[in-house]
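Following: one structure in C-alpha cells, then a few remarks.
The values are calculated or read from the model by the stated rules, or taken from the named source; none is laboratory data. Every value quoted in this text rests on a predicted model; they were computed, and no experiment measured them. All Cβ positions, glycine included, derive from the backbone under ideal geometry; neighbour counts span all protein chains shown.
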Amino acid sequence: MFHLYHHHDQIRLAELLAVLRQRQPAAPLAPDTVLVPNRSVGRWLQMQLAESEGVAANLALPLPAKFVWDILGGSLPETPDSSAFERGNLRWHLYALLPRIAASQPRVARYLDGTPRELRRLQLADQLADVFDQYLIYRRDMLLAWERGEGEQRSPADWQAPIWRALVGALTERHRARLLEEFIQAVETGQALDRSHWPARVYCFGLMNLPPDYLRLLYALGREIDVHYLLPNPSDLYWGDIQRQPVSVLAAPEPGTEPGEAPITQGHPLLASLGHSARDFLRVLYADELAAIQEPELGDALAYDPPGDATLLHRLQSGVIRMDATPAVRGSDADDASLQLHACHGPLREVQVLHDHILDRLAADDTLQPRDILVMLPDVAAYAPAIHSVFGNPDNRQRLPYTVSDQPRLSSHPIALTVNALLNLPLSRWSASEVLALAAVPAVQRRFGLDDGDLDLLRHWLQQAGVRWGLDADTRTQHGAGSWDQNTWRFGLDRLLLGLAQSRDDTLVAGVAPWTDLEGGSTNALGRLWLLVDTLRQWRDTMTEPAPADSWHQRLNAIMETLFLSDRDDADERAALEAVHDAVGVLAEAHRSLGDEPLGWEAVREAVGGALQESGERQPFLGGGITFCGLMPLRALPYRMIALLGMNDGAFPRQERNRSFNLIRRFPRTGDASVRDDDRLLFLQSLMAARDVFYVSYTGQDVRSGETLEPAPVVGELLDFLHRHHFPDHTRRAAGERLVTTQPMQPFSPRYFSSADAAVFTFQGDWHPATLAMHETRDEPQPFVDDAGLTPDPEPVIALDDLKRILDHPARHFLRDCLRLRLERDDAAVDDDEPRALDGLTAHQLRHELFTAACSSGEALPLAPGPVLRARGVLPPPPLDLGVYREQVEQINPLLPVWQQWHAEYPEPTPVAVDIALPDGRRLAGRLADARPDGLRRTRPGTLRANHRLADWIDYLALAASGAPGSLRCAGLANGTVQILGAQVEQPHALALLQSLVDVHDQARQQPLCFMPGLATTFMEKQSPHWTSKPKEAQAALEDRNGYLAGTWFPAWELANDPWFPLVAPPPTLLGDDARSSAFCRLAAQVCGPMVETLLPVEAPS
C-alpha cells in the first residue's frame, strides 16, 4: 500500500519515520530503505534518527534514480545492462555515433564542420546526453513514439528522433524508459516479476519534486509492498489548483474572506508565486491515476503546528501554513530581527555584515549554537575567499567555527589548478610566471627537490637570461608571434646551462650566448628546473597524440605521479589529489563506452576539465559549526537561522540551459523539472524552514559607481508581499526602507558606531579608530624628519667611495643604511613580455658595454647589432631591435672621437692612491684608477647627468687636494650633442671644498637630508649666469623646483619612483617655502654650488 504523510516541518516527519520503523521493524540483517533527495539530507536524517532512537544503523539511503534502476534491473526477466543510458556513459556513446549520424543529418554535419571539430563533437554529445537523460525520466512516451517513427514533426524532434533511434540501435531497445513501461504494465496486469531483491517496505523522505514516472513506479510497488511517502508540504490545505502568478501590490484582496477559505485558484500569494513546481507535484500526486494512495489519519501526531504570531517571520510562516494572507497593519516590532534583508556593496561586505549579525544572534540567545546556522549561496566559489577571510581570520577575536562545502574541485587546492593547467598545456604560452607558479606548488617542489630559496634564485636567473614566454620557436609560431627562439625557455635554459661550462659571455657556442653569472652550489636547482620543464614538454608532446580513453587515464595518472609528491601529514593535499583522481575517473566511463576509439586532447580536456568544475562527493556537511554550502544539499531542512547570500538579480534564480534545444522546456507538462522554478521553490522552502531568523543579503550598490542594484526577483516578490499584507499602511518605498537595510560601503563607517538603525552595527571594534579619525580635526601630518638625529661614532678615515655614495643620495643612506629601513618595492613579479623597448637601467648598462667595446676596437659602432648581442636577448626581437639599438649607438659614436683624442694623449692611466689630511684632522682615503698626469678625463656614454658630474667632481677634488696637477674634463651628451665640462682647482681650495663636502657627509650620518644631486644642480644652474641667460634669484629658483615636484601631468621621478626622498620633502612644503631658511637650498649651495660655478662647458676637441 502507498501511504502518504505530509507536514511542513521535516523534524516532525523524521520523528514519524522513526515511529514507523519501530512499528514495522525490518529483519535483523535487512536494512530499511529510505529514499532521500541527496546524500546531505540522508546524513541529516541519520542524525535525527540517532537522536530519537539512540542509534541510527542498518539504513540504506539510496537516491531515487538509483533505487528505481535497481528495482527495474532485477525485476524484469532477461533485463539487459542499461548502464549505457546513464548520463555519463550516454555522452560517450553519442560521441562515438555522431560522425555516422552526421552523414544523414545536415544540421549535425554543419555543426561538426566547425573547429575545433573534436571539441564541438563532444560538446554536442554532452548537450544531447543531457536532454536525452531528461527525456528518459520525463518523456518516456515520446521516446517510445520516436522508436515507432511517430511524433517527429516539430523541431527539434525532427533531428533528435533519428539520433535517438541510432543510439537505441547501437545499444539496446530495452532502455530505462522501456523497462519502466514494462515494469508498470507487469505490476498492473499481474505478470511474474522477480521480487527477491525488493525491500520489505520503502520510505521516501524529503522528496518534494519527484519525476512523475518515478512516482508511478513507487505507486506500482505499493500494490505489493508498503511505501511510506513523507512529503514536506508548506500548507495543510490542498493547493494543487492554485494559479501561478507573481505577487502584485496593486490588486486588492477580496474582502470578507476567512483564512483558508480563499478561492482555491487564488490561495496564498507566496505559494502562487514561488511554489509552482511543488504545486505541480501535488497535482500529479492527487491525480486520478494514483487514486489508491492512502492518507492515514494520525490526528494530533501529525497536525500542522503554525509557529504563532510573535515575530514577522512566524506570522508569515503561519499565514502560508493556514493559507491566510489577510492584510495586517502590525508589521514588525522595532526589536524584531526574525526577517532581515540587507543590501551590501559586494560579496566581502555581505560576509562581513553576516558575521556581525550572527554574533548578534549568538549574544542575544544563549541557546543558539553555530551548528544551528545554515548559509546558502548560489555560487560558493565566488564567496569562498570572502568567507575564509572573515570567518577564518586568525586575528579575529570573535572567531566562529564553520565549514565551506560545495566548492568545485578546481578551486579547492593548487593541485587541482595545476592539473587544469596541464590539460591546457597545448594552448599555453609557456610564460615564465606560469611555469614558475607551477614549480611553486608544494607537491611539485617536493617531487623536484626545490625550495622557496631555489625558486627566488631561479626567478632572478631566468629573467636575466631573457626567459619571457614560449617553450621554443614552435610555440611562438603557434601563437602567431614569429618563428624565433629569443626569449623562450629553450633560449634561456641553453644560455644558463652553457654558462655553467663557459666563463666568457662574449663568445657564441652554436649560436648560444652563455649567461655566466651563476652561483656554484645553487646550480643544482637549475638542473631540477630543466627536468621539470622537460617533463612538461614531454607531456605536451604526448597530449597531441590521440589515444583510447583508458590510455589517457593512465597518462594522466602517470603525469600526476611524475609531478606531485604529496605530504602524508597534509590532509588537504591528500584530499585534493583524491578529488583530482575522482575527476580523472570520467575517462573510465569513456573507456567503457568507447572501447579503443582514440580521443584527442581537446575532448579529454573538456571532459576532465568539466569534472574539475563540479564539486566532489567528499564535502564537509554538518561539521558542527556554521555551514556554508550551495543551494541544493540542505534545502528545506530546518535550522534556527537560515541565511541566503548572493541573492542578486541575474544570479538567482538560475537560468534554464538549452531552452530551444530541449523539448521539455519548449513544450512543458505538469510535473516537469525546471531549474528556475526549483530555485523559486527553494527560496520558499528556506523561508518556511527557518525557525527563528531568515536572513537575505544581496549586492544592492555597485562598488564603483554606487548605483542602486535590484535584488533577485524572488526577493522583490517577497518585499511586495510584505508590503501588501504586513505593511499596508506604508507606501511601497517606505515599506522597502523599513524592510531592507542598506549597509555602509566600508566597515569603518560612522553609522556602525552612531546609527540609530538597530540593524546597522558591528562587533569589530578594531575599525573604531578609523571611524574616529574621520571626525577628528585634521592636523597637518607630522614630518617624518625632525630635529632628532643619531650620534654615530666618529670616522677617523673616510673612504672616498663612501663620500660619493652618501652624497649621491643622503636620505637613502640614513634611512636604509643607518636606520635599516626597507622601503624599496620587492618586485618579485616575473616579466612575461619580450622587450619592445629598453628601460633606463638596461639602456645605461648596454651603452656602457657598447662604449667599452667601441673603445677597445677603436672604431665607430655599426648601425646593426652583432650576433652576440642579439643572442643575449637584451634587444627586442628583429626587426624591432634595429631602432632600439641605433638609438643607443647614436649616443655613443659622437663621443668616441673625444675619448680617442684623450686616450691618444695618455694611452694608459696612472692609478693614484689618495690619502688626504683634512683640516679637521681626519683623513680622506681612496684610489683613482683612471688618473692621468694631466688630471681626470671622464667620458659618459649618454646624457651627462648631475649625479655623474658630482661623482667626477669629488674624485677630481681628491686628486687636486692630494697635490696632483691637472684638470677635470667630463664628456657626455646634452640635448643630443656632445658636451664637455672642464674645471681646474688649486690644492688649498680643493682641500677646503672637500672639507665642506665631508661636513655634509657627517650630517647625512646623523639625520636624513633633503638633497638630490639632480634637483640641487638644476637649482644652482638657474641662478648662475654661466648656465642661463636669465639667472633667477634663489627664491624664484626654489619655486621653480617646487613646481616641478608638485606637477601632476608628468610626475617628478624623485617623488614617483624614489621611496626615500618623499620622506624628506613631503608635500605641500616639498623643498621649503623660503630660500633663506630652506635646508635644501643650503645643502645645494654647499655641495653643488662650487661645482656649478667651476665645472663649466669647454670646447670639444677638433
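Can you confirm whether Arg680 is in contact (Cβ under 8 Å) with a residue 60 or more places away in the chain and in a helix (DSSP H, G or I)?
Judged against the criteria, Arg680 is a match.
Considering only the stretch 558-572, I want to know if a residue exists there that is modelled with pLDDT under 90, part of a helix (DSSP H, G or I) and under 30 Å from Val390 (Cβ atoms).
Looking for residues that are modelled with pLDDT under 90, part of a helix (DSSP H, G or I) and under 30 Å from Val390 (Cβ atoms), one finds at least one in the stretch 558-572, hence yes.
Return the only residue of Glu717, Glu707 being touching a residue at least 40 places away in the same chain (Cβ under 8 Å) and of a type outside the set (A, V, I, L, M).
Testing whether each residue is touching a residue at least 40 places away in the same chain (Cβ under 8 Å) and of a type outside the set (A, V, I, L, M) leaves just Glu717.
Which residues, counting only those in the stretch 741-758, are in a loop (DSSP other than H, G, I, E, B) and out of contact with any helix residue (DSSP H, G or I) (no Cβ under 8 Å at 6 or more places or on another chain)?
Gln746, Ser755, Ala756, Ala758
Out of Pro865, Pro835, which single residue is under 44 Å from the mean Cα position of the chain (by Cα), in a loop (DSSP other than H, G, I, E, B), modelled with pLDDT of 90 or more and not hydroxyl-bearing (Ser, Thr, Tyr)?
Pro865
Hey, among the residues in the stretch 184-228 that are assigned to a helix (DSSP H, G or I) and at pLDDT below 90, which one's farthest from Asp678 (Cα to Cα)?
Thr189
Assess whether Leu298 counts as being under 18 Å from Leu722 (Cβ atoms), out of contact with any Pro (no Cβ under 6 Å at 6 or more places or on another chain) and at pLDDT 85 or above.
In short, no.
Being closer than 24 Å to Asp280 by Cβ and at pLDDT 90 or above narrows it down to one residue among Leu128, Leu122, Leu144; which is it?
One residue alone meets the criteria, Leu144.
Take the residues in the stretch 56-107 that are part of a helix (DSSP H, G or I) and among the hydroxyl-bearing types (Ser, Thr, Tyr), then tell me which one is surrounded by the fewest Cβ atoms within 10 Å (Cβ to Cβ).
Ser83
Could we say that Phe851 is surrounded by 14 or more Cβ atoms within 10 Å (Cβ to Cβ), modelled with pLDDT of 90 or more and in contact with a strand residue (DSSP E or B) (Cβ under 9 Å, 6 or more places away or on another chain) here?
For Phe851, the condition - surrounded by 14 or more Cβ atoms within 10 Å (Cβ to Cβ), modelled with pLDDT of 90 or more and in contact with a strand residue (DSSP E or B) (Cβ under 9 Å, 6 or more places away or on another chain) - is met.
Condition check: over 31 Å from the mean Cα position of the chain (by Cα), surrounded by 12 or more Cβ atoms within 10 Å (Cβ to Cβ) and among the basic types (Lys, Arg). Does Arg816 satisfy that?
Against the criterion (over 31 Å from the mean Cα position of the chain (by Cα), surrounded by 12 or more Cβ atoms within 10 Å (Cβ to Cβ) and among the basic types (Lys, Arg)), Arg816 qualifies.
Can you find a residue that is acidic (Asp, Glu) and free of Cβ contacts under 8 Å to residues at least 40 places away in the same chain anywhere in the stretch 477-497?
yes
State which residue is surrounded by the fewest Cβ atoms within 10 Å (Cβ to Cβ) when the search covers only the stretch 748-791 and only residues that are in contact (Cβ under 8 Å) with a residue 60 or more places away in the chain, under 23 Å from Gln352 (Cα atoms) and of a type in the set (A, V, I, L, M, F, W, C).
Top of the filtered list is Ala758.
Name the residue that is surrounded by the fewest Cβ atoms within 10 Å (Cβ to Cβ), counting only residues in the stretch 645-670 that are closer than 30 Å to Gly392 by Cα and out of contact with any Ser or Thr (no Cβ under 6 Å at 6 or more places or on another chain).
Gly650
Would you mind listing the helices (runs of 4 or more DSSP H) fully within the stretch 1019-1069 where at least 2 residues are under 53 Å from the mean Cα position of the chain (by Cα) and in contact (Cβ under 8 Å) with a residue 60 or more places away in the chain?
1061-1064
Give the residues of the stretch 429-463 that are assigned to a loop (DSSP other than H, G, I, E, B) and surrounded by fewer than 19 Cβ atoms within 10 Å (Cβ to Cβ), sorted by residue number.
Arg429, Ser431, Ala440, Gly449, Asp451, listed by residue number.
Output the number of the condition that Val830 fails; it satisfies all remaining conditions of (1) in a loop (DSSP other than H, G, I, E, B); (2) free of Cβ contacts under 8 Å to residues at least 60 places away in the same chain; (3) under 28 Å from Ser483 (Cβ atoms).
The one condition Val830 does not meet is (2).
Tell me which of these Gly972 doesn't satisfy, since it passes every other one: (1) farther than 28 Å from Arg1041 by Cα; (2) in contact with a Ser or Thr (Cβ under 8 Å, 6 or more places away or on another chain).
Failed condition: (1).
Any residue in the stretch 24-35 that is over 12 Å from Ala57 (Cα atoms) sitting within a Cβ distance under 7 Å of a residue that is surrounded by 11 or more Cβ atoms within 10 Å (Cβ to Cβ) and β-branched (Val, Ile, Thr)? List the pairs, counting only those 6 or more apart or interchain.
Correct list of pairs: Leu35/Val202.
Just give me the residues in the stretch 274-327 being among the small types (Gly, Ala, Ser) and either on the phi > 0 side of the Ramachandran plot or surrounded by 17 or more Cβ atoms within 10 Å (Cβ to Cβ) (or both), in sequence order.
Correct list: Gly275, Ser277, Ala278, Gly299, Gly308, Ser318, Gly319, Ala325.
So if I check each of Arg140, Arg100, Arg120, Arg165, which one is within 19 Å of Phe667 (Cβ to Cβ), of a type in the set (Lys, Arg) and not assigned by TED's automatic domain parsing to the domain that holds Gly671?
Being within 19 Å of Phe667 (Cβ to Cβ), of a type in the set (Lys, Arg) and not assigned by TED's automatic domain parsing to the domain that holds Gly671 holds for just one of Arg140, Arg100, Arg120, Arg165, which is Arg140.
Output the number of residues of the stretch 394-428 satisfying the condition of being more than 30 Å from Thr627 (Cβ to Cβ) and either part of a loop (DSSP other than H, G, I, E, B) or assigned by TED's automatic domain parsing to the domain that holds Thr627 (or both).
Final tally of qualifying residues: 2.
Being in contact with a helix residue (DSSP H, G or I) (Cβ under 7 Å, 6 or more places away or on another chain) and assigned to a loop (DSSP other than H, G, I, E, B) is the filter; apply it to the stretch 520-557 and report the residue that is nearest to Trp601 (Cα to Cα).
Thr544
Looking at Glu182, Glu150, Glu173, Glu188 in this structure, which one is charged (D, E, K, R) and crowded, with 17+ Cβ neighbours inside 10 Å?
Glu182
If I filter the stretch 868-878 down to residues being in a loop (DSSP other than H, G, I, E, B) and of a type in the set (A, V, I, L, M), which single residue comes out as surrounded by the fewest Cβ atoms within 10 Å (Cβ to Cβ)?
Val874
Going through Ala513, Ala549, Ala525 one at a time, which residue ends up being in the same structural domain as His591 (by TED's automatic domain parsing) and over 30 Å from His413 (Cα atoms)?
Selected residue: Ala513, the only one of Ala513, Ala549, Ala525 that is in the same structural domain as His591 (by TED's automatic domain parsing) and over 30 Å from His413 (Cα atoms).
Under 26 Å from Leu981 (Cα atoms), within 36 Å of the chain's Cα centre (by Cα), assigned to a helix (DSSP H, G or I) and among the hydrophobic types (A, V, I, L, M, F, W, C): does that describe Leu841?
Yes: the conditions hold for Leu841.
Against the condition of a type in the set (D, E, K, R), assigned to a loop (DSSP other than H, G, I, E, B) and in contact with a Lys or Arg (Cβ under 7 Å, 6 or more places away or on another chain), how does Arg659 come out, does it pass?
Considered against the rule, which asks whether it is of a type in the set (D, E, K, R), assigned to a loop (DSSP other than H, G, I, E, B) and in contact with a Lys or Arg (Cβ under 7 Å, 6 or more places away or on another chain), Arg659 comes out as yes.
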